[in-house]
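Chemist: Quick one: the structure is below, and I'll ask about it shortly.
The values are calculated or read from the model by the stated rules, or taken from the named source; none is laboratory data. None of the values given here were measured: they were computed from a predicted structure. Positions of Cβ are generated from backbone atoms using ideal geometry, with glycine treated the same way; all protein chains shown enter the neighbour counts.
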Amino acid sequence: MRPGGLDHDAAGAVAAVADAPRDPDAARLQALLDERGPTRRPDRLTDVLWISRFRVHHRIADHYRHGRALLAGDAAHGHSPAGGQGMNLGICDAVALGVTLGDVLAGHPDTVLDDYAATRRPPAEEVVGFAARLTRLATLPPAGRPLRDLALRAVSGVPPDRAAARRPPAARDDPPAGGRAVSRSAVVRW
Ligand SMILES: Cc1cc2nc3c(=O)[nH]c(=O)nc-3n(C[C@H](O)[C@H](O)[C@H](O)COP(=O)(O)OP(=O)(O)OC[C@H]3O[C@@H](n4cnc5c(N)ncnc54)[C@H](O)[C@@H]3O)c2cc1C
């Protein structure tokens, strides 16, 4: 994408549509940009690096562990890309699972694997709930959009709290007995 409404040469875009073709192409994406993008400085698409269609689900596995089978990442939770936290959540799962498997190998009882499952589900609920709310906001019916856009404009005028970003994360969640936990706050911040 070349600079038009955007200041960068490369940009990513996600658009919700009712009739996504199996193989979306640049012309389809440009048509969406023309329809929904900025009007004063329209974006012009020159190259497409990657394009795909996907269906939005909001789901979390009831259990992350069944005996020797353990779930992490998108296998455990799926949600819309709104908020951009899916991969980060999965990486935190993988780190927590790696640490817990290491504990089992070091002699801890394998019940710490249940703790892994119990510890990782709450942050997934948080992220999936947030993504679902953002998705609802992004796909409001036309009647609700002016109010939404007004609210977003007001919120985007609030300066970022850079001091808060520099503060160390809040107290970490208590690690489960016999295991180490990845902080829930870390998941939200990553
Ligand atoms: C449009 C879009 C934008 C996104 N943007 C962001 C973002 O900005 N930030 C963010 O954090 N996340 C983002 N995500 C989410 C992120 O891409 C996923 O959460 C992440 O890729 C999940 O990784 P994963 O390894 O758990 O699963 P996957 O990436 O799905 O990997 C699973 C792998 O297992 C393989 N596999 C499946 N079945 C088998 C089998 N039976 N045998 C062997 N291999 C198998 C698959 O081929 C695949 O390679 C986005 C997602 C989408 C769709």
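Chemist: Which residue out of Asp23, Asp47, Asp7 is among the charged types (D, E, K, R), within 29 Å of Asp149 (Cβ to Cβ), modelled with pLDDT under 95 and not assigned by TED's automatic domain parsing to the domain that holds Leu140?
Modeler: Asp7
Chemist: Could you tell me which residue of segment 54-74 is farthest from Val112 (Cα to Cα), considering only residues that are near the ligand (Cβ under 10 Å from one of its atoms) and surrounded by 13 or more Cβ atoms within 10 Å (Cβ to Cβ)?
Modeler: Val56
Chemist: Moving on to the next point. So, in segment 72-105, exactly how many residues are assigned to a loop (DSSP other than H, G, I, E, B) and touching a residue at least 24 places away in the same chain (Cβ under 8 Å)? Lay out the reasoning, then the answer.
Modeler: Kept after step one, since they are assigned to a loop (DSSP other than H, G, I, E, B), are these residues of segment 72-105: 72, 76, 79-85.
Subsequent filtering for residues that are touching a residue at least 24 places away in the same chain (Cβ under 8 Å) retains 72, 76, 79-83, 85.
Adding up the residues that qualify gives 8.
Chemist: For segment 158-174, which residues satisfy the criterion of being surrounded by 10 or more Cβ atoms within 10 Å (Cβ to Cβ) and modelled with pLDDT of 75 or more?
Modeler: none
Chemist: Now for a separate question. Which of the residues spanning segment 75-85 are near the ligand (Cβ under 7 Å from one of its atoms) and at pLDDT below 95?
Modeler: Pro81, Gly84, Gln85
Chemist: Is there any pair with a first residue in segment 115-137 that is touching a residue at least 60 places away in the same chain (Cβ under 8 Å) and a second that is polar (S, T, N, Q) whose Cβ atoms are under 6 Å apart and which are 6 or more apart or on different chains, and what are they?
Modeler: Tyr116/Thr100; Val127/Gln85; Ala131/Ser80; Thr135/Ser80
Chemist: Right, another one. Being touching a Phe, Trp or Tyr at 6+ places or on another chain (Cβ under 9 Å) and either within 8 Å of the ligand (Cβ to nearest atom) or within 30 Å of Ser52 (Cβ to Cβ) (or both) is the filter here, so list the residues in segment 88-115 that pass it.
Modeler: Asn88, Leu89, Ile91, Cys92, Asp93, Ala96, Leu97
Chemist: Another question about this same structure. If you take the residues of segment 27-54 that are β-branched (Val, Ile, Thr) and under 25 Å from the mean Cα position of the chain (by Cα), which of them is nearest to Val14 (Cα to Cα)?
Modeler: Here the residue is Ile51.
Chemist: Restricting segment 10-35 to residues that are of a type outside the set (A, V, I, L, M) and surrounded by 12 or more Cβ atoms within 10 Å (Cβ to Cβ), which is farthest from the ligand (Cβ to nearest atom)?
Modeler: It comes out as Asp34.
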